[in-house]
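S.K.: Structure incoming, see below.
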Amino acid sequence: MEAKSGEKRRRGDASTSRGNDRGVPTGAKRDEIDRVRKSLPIYRAKDKLMEEIRRSETIIIIGETGSGKTTQIPQYVYNDITLTNGLMVGVTQPRRVAAVSVSQRVADETGTEHGKLVGYAIRFEDVSSEETRIKFLTDGMLLREAVADPFLKKYGVIMIDEAHERTLQTDFLLGTIKGVQRRRREERDRRGQTLPPLRIIVMSATLEASSFSKFFDGAPVVYSRGRTFPVEMYYTEEPEEDYLDAAMLTVLQVNAEEAPGDVLVFLTGQEEIESLGRMLRERAAKLPSDVPRLNVRLLFAALPPEEQMKVFETTPPGTRKVVLATNIAETSLTINGIRYVIDSGLSKMRIHHPRSGVDELAITPIAQSQAQQRAGRAGREAAGKCFRLYTEEVMPSLERYVKPELLRTNLSGVVLQLKVRSPKRLRTLSVLTLQTINSFNYFSTGDES
């Protein structure tokens with residue numbers, strides 16, 4: 001689909017209001033967008049940051065929550081022709097809803113129609129055109145493009161956002177684009193300036209910077225301060241036996257006792273979210289008249305895109321929006337108005353058992369980095385509060401970072417996808433966490449057939 005499909009796709013993102021029939025903000029909304037952009041911490045560090053990006057073909061950027069890295073850096077890079085060589089800037093996101101919402105925001109900031117200068121590509125949907133120069137896409141979509149075009153000739157800069165999530169697709173994509181960068185450099189050396197260099201920018205709010213820097217042959221690491229407001233932390237006195245019931249009671253308590261502001265609840269999956277949604281809607285019908293009405297919104301990966309985008313709608317007067325979400329809402333997505341976060345401390349993790357060949361979707365404790373990200377959602381726009389449904393003593397026992405999917409899931413799907421491109425290259429593909437795997441037969445086989 002070309003840009004025409006973008007018109008069909010456009011929805012009501014609450015972060016923007018349309019100023020004309022092309023969906024481009026004008027007037028007061030345009031002024032507000034410019035004001036917000038200039039208030040971001042990364043705007044003040046723009047010149048120094050761009051110096052560092054120009055200096056290296058590969059750079060690691062650690063941007064704290066609220067720094068503006070996801071929306072601003074792609075625009076800064078696009079505006080520097082010496083970096084892009086007139087080619088496209090590709091920005092990957094681990095989740096579809098993030099690719100869609102962030103591309104819409106950047107289109108608004110550039111004052112262009114969505115699908116023209118700024119577009120996106122997710123599975124079964126491509127809202128871009130020949131004019132597109134900043135393209136947001138999921139990790140899997142860029143891997144597919146690498147199968148069709150091993151040199152990724154359309155791209156001058158590839159930006160990997162939210163790299164700390166360490167999904168299977170992200171880790172393989174990092175190895176793939178590292179190989180593309182090397183091959184483009186070698187091709188250029190042999191045949192002159194046929195292919196411009198490929199620049200790689202790896203971005204995250206929380207990242208094991210040293211391991212990523214080492215993987216990219218000592219790439220420099222740049223830190224950008226964020227704009228997180230103070231967040232008060234609250235823990236339970238005793239472990240909760242039923243965290244779903246505890247989440248419901250906490251939502252009702254916040255609604256009855258706390259100042260205005262929307263609520264974001266982190267749960268593990270669709271079943272829990274739909275169950276709590278039903279319970280809250282039932283309770284909402286019985287609330288006293290002096291308490292705000294509950295405007296319950298759901299957010300999980302299997303939800304239709306049109307329903308996912310409803311979380312961005314403006315909260316009606318006299319109500320309090322309650323967003324029930326999986327870890328899809330931990331990063332990239334900024335849901336305006338969130339002041340309170342309720343964290344179950346759990347998430348679903350896919351685990352592969354190689355002996356039995358069975359995949360399990362297990363509920364496991366989150367990592368410390370995830371807990372930090374979740375709490376940060378309450379402090380994006382103003383001071384907030386985070387209610388953790390576990391005791392304070394639990395925090396030190398949590399893993400520091402999320403365990404990479406590469407170490408716990410079935411690799412056959414993504415390996416077969418890459419094997420289509422080139423069996424020989426697959427055997428030499430660099431993968432960030434490969435050295436920690438005891439047995440990796442996908443790469444050790446000598447049979448190229």
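S.K.: Going through 378, 371, 362, 367 one at a time, which residue ends up being assigned by TED's automatic domain parsing to the domain that holds residue 258 and in contact (Cβ under 8 Å) with a residue 40 or more places away in the chain? Step through it out loud before you land on a result.
M.R.: On the way: 371 fails: in contact (Cβ under 8 Å) with a residue 40 or more places away in the chain; 362 fails: in contact (Cβ under 8 Å) with a residue 40 or more places away in the chain; 367 fails: in contact (Cβ under 8 Å) with a residue 40 or more places away in the chain.
When all the criteria are applied, what remains is 378.
S.K.: Only one of these conditions is not met by residue 351: (1) modelled with pLDDT under 90; (2) part of a loop (DSSP other than H, G, I, E, B); (3) surrounded by fewer than 24 Cβ atoms within 10 Å (Cβ to Cβ). Which number is it?
M.R.: Result: residue 351 fails condition (2) only.
S.K.: Please name all residue pairs, on different chains or six or more residues apart, with Cβ atoms under 9 Å, provided the first residue is in region 133-153 and is free of Cβ contacts under 8 Å to residues at least 24 places away in the same chain and the second residue is surrounded by 19 or more Cβ atoms within 10 Å (Cβ to Cβ) and in a loop (DSSP other than H, G, I, E, B).
M.R.: What qualifies is 145/152.
S.K.: Could you check residue 315 against (1) outside any helix (DSSP H, G or I); (2) under 22 Å from the mean Cα position of the chain (by Cα); (3) of a type in the set (Val, Ile, Thr) and say which number it fails?
M.R.: Only one criterion is unmet by residue 315, namely (2).
S.K.: Across region 143-158, what is the number of residues that are in a loop (DSSP other than H, G, I, E, B) and over 18 Å from residue 130 (Cα atoms)?
M.R.: Taking region 143-158 as the starting set, the residues that turn out to be in a loop (DSSP other than H, G, I, E, B) are 149-154.
This time we only want the ones that are over 18 Å from residue 130 (Cα atoms), so: 150-151.
Number of matching residues: 2.
S.K.: Quick check, is residue 283 within 17 Å of residue 247 (Cα to Cα), surrounded by 19 or more Cβ atoms within 10 Å (Cβ to Cβ), in the same structural domain as residue 387 (by TED's automatic domain parsing) and touching a helix residue (DSSP H, G or I) at 6+ places or on another chain (Cβ under 9 Å)?
M.R.: Working: within 17 Å of residue 247 (Cα to Cα): yes; surrounded by 19 or more Cβ atoms within 10 Å (Cβ to Cβ): no; in the same structural domain as residue 387 (by TED's automatic domain parsing): yes; touching a helix residue (DSSP H, G or I) at 6+ places or on another chain (Cβ under 9 Å): yes.
So residue 283 fails the test.
S.K.: Of the residues that sit in region 318-330 and are touching a Lys or Arg at 6+ places or on another chain (Cβ under 7 Å) and part of a loop (DSSP other than H, G, I, E, B), which one is modelled with the lowest pLDDT?
M.R.: 330
S.K.: Can you work out which of the residues in region 98-140 that are in a strand (DSSP E or B) and acidic (Asp, Glu) is surrounded by the fewest Cβ atoms within 10 Å (Cβ to Cβ)? Let's see the steps before the verdict.
M.R.: Just the residues of region 98-140 that are in a strand (DSSP E or B), to begin with: 118-122, 125-127, 134-138.
From what is left, the residues that are acidic (Asp, Glu) are 125-126.
Details: 125: 17, 126: 20.
Looking at residues that are in a strand (DSSP E or B) and acidic (Asp, Glu), I get 125.
S.K.: Going through region 50-78 one residue at a time, which ones are in contact with a strand residue (DSSP E or B) (Cβ under 7 Å, 6 or more places away or on another chain), farther than 28 Å from residue 115 by Cβ and not in a loop (DSSP other than H, G, I, E, B)?
M.R.: Within region 50-78, 52, 58, 59, 60, 62 meet the criteria.
S.K.: Which residues, counting only those in region 388-407, are over 23 Å from the mean Cα position of the chain (by Cα) and under 14 Å from residue 236 (Cβ atoms)? Working first, answer last.
M.R.: The initial filter retains those residues of region 388-407 that are over 23 Å from the mean Cα position of the chain (by Cα), namely 389-397.
Selection gives 389, 390, 391, 392, 393, 394, 395.
S.K.: Same structure again: Give the residue that is modelled with the lowest pLDDT, with candidates limited to residues of region 128-139 that are β-branched (Val, Ile, Thr) and closer than 26 Å to residue 166 by Cα. If you could, list the steps in order and put the result at the bottom.
M.R.: Let us first name the residues in region 128-139 that are β-branched (Val, Ile, Thr), namely 132, 134, 138.
Next, from what is left, pick out any that are closer than 26 Å to residue 166 by Cα: 134, 138.
Values: 134: 97, 138: 94.
Per the stated criteria, the residue is 138.
S.K.: Please count how many residues of region 217-247 are assigned to a loop (DSSP other than H, G, I, E, B), of a type in the set (Val, Ile, Thr) and under 26 Å from the mean Cα position of the chain (by Cα).
M.R.: First pass over region 217-247, keeping only residues assigned to a loop (DSSP other than H, G, I, E, B): 217-220, 225-230, 236-242.
Pick out the ones that are also of a type in the set (Val, Ile, Thr) and you get 228, 236.
Of the ones still in play, those that are also under 26 Å from the mean Cα position of the chain (by Cα) are 228.
Count: 1.
S.K.: If you take the residues of region 147-166 that are surrounded by fewer than 21 Cβ atoms within 10 Å (Cβ to Cβ) and in contact with a helix residue (DSSP H, G or I) (Cβ under 7 Å, 6 or more places away or on another chain), which of them is farthest from residue 184 (Cα to Cα)?
M.R.: Residues of region 147-166 that are surrounded by fewer than 21 Cβ atoms within 10 Å (Cβ to Cβ), as a first pass: 147-151, 153-154.
Subset that is in contact with a helix residue (DSSP H, G or I) (Cβ under 7 Å, 6 or more places away or on another chain): 147, 150-151.
Details: 147: 15, 150: 10, 151: 7 Å.
Restricting to residues being surrounded by fewer than 21 Cβ atoms within 10 Å (Cβ to Cβ) and in contact with a helix residue (DSSP H, G or I) (Cβ under 7 Å, 6 or more places away or on another chain), the top hit is 147.
S.K.: Go through (1) over 20 Å from residue 382 (Cα atoms); (2) modelled with pLDDT of 95 or more; (3) in a helix (DSSP H, G or I) for residue 282 and report which single condition fails.
M.R.: (2)
The values are calculated or read from the model by the stated rules, or taken from the named source; none is laboratory data. Just so we're clear, the structure is a prediction, and the values are computed from it rather than from any experiment. Here the Cβ is made from the backbone with ideal geometry for all residues, glycine too, and neighbour counts use every protein chain on show.
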